[in-house]
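Where a number appears in this text, it was derived from the coordinates with a stated rule and is not lab data. This structure is a prediction, so every number in the text was calculated from the model and none was measured. Cβ atoms come from the backbone with ideal geometry, glycine included; neighbour counts cover every protein chain shown.
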Amino acid sequence: MGDVLDVEMVKGSVFSQNPAGTVRNIFEFESKLQRMSVVYEDRGGLRVLAKGSPEEIKRRCVKESIPFKYDNILTKYAIKGYRVIALASKEIFDP
């Protein structure tokens with residue numbers, strides 16, 4: 001785990017619900033992609049956790065899964081000068 005922001009984000013994720021899982025792959029942060037991802041095995045299933053710029057994470061999510069006030073909340077914090085990072089997860093199937 002990296003910085004304090006990483007620790008706080010994990011507290012609200014599937015990692016905090018079942019920390020006994022296994023990390024299968026890590027895709028390090030790349031500025032051109034504006035995100036990083038982790039493939040995590042949990043009780044025989046796989047899940048991808050991604051964090052990155054709110055715009056990039058939103059672009060990759062299913063539209064119906066985006067919280068109602070996502071853009072309003074993002075704008076509110078950006079105007080205040082806060083560092084804003086988005087977190088998303090998705091169940092995937094092992095090939």
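Phi angles of segment 55-61 translate, via the Karplus equation with coefficients 6.51, -1.76, 1.60 and θ = phi - 60°, into HN-Hα couplings of 5, 6, 5, 4, 4, 8, 8 Hz per residue; Gly and Pro are given as x. Annotation for segment 29-95: trypsin sites (Lys or Arg not before Pro) lying in DSSP loop with at most 16 further Cβ atoms inside 10 Å of their Cβ are LYS32, ARG43, LYS69, LYS80, ARG83. The label point for MET36 and the one for CYS61, both projected 7 Å from the Cα toward the Cβ, are 2.0 nm apart.
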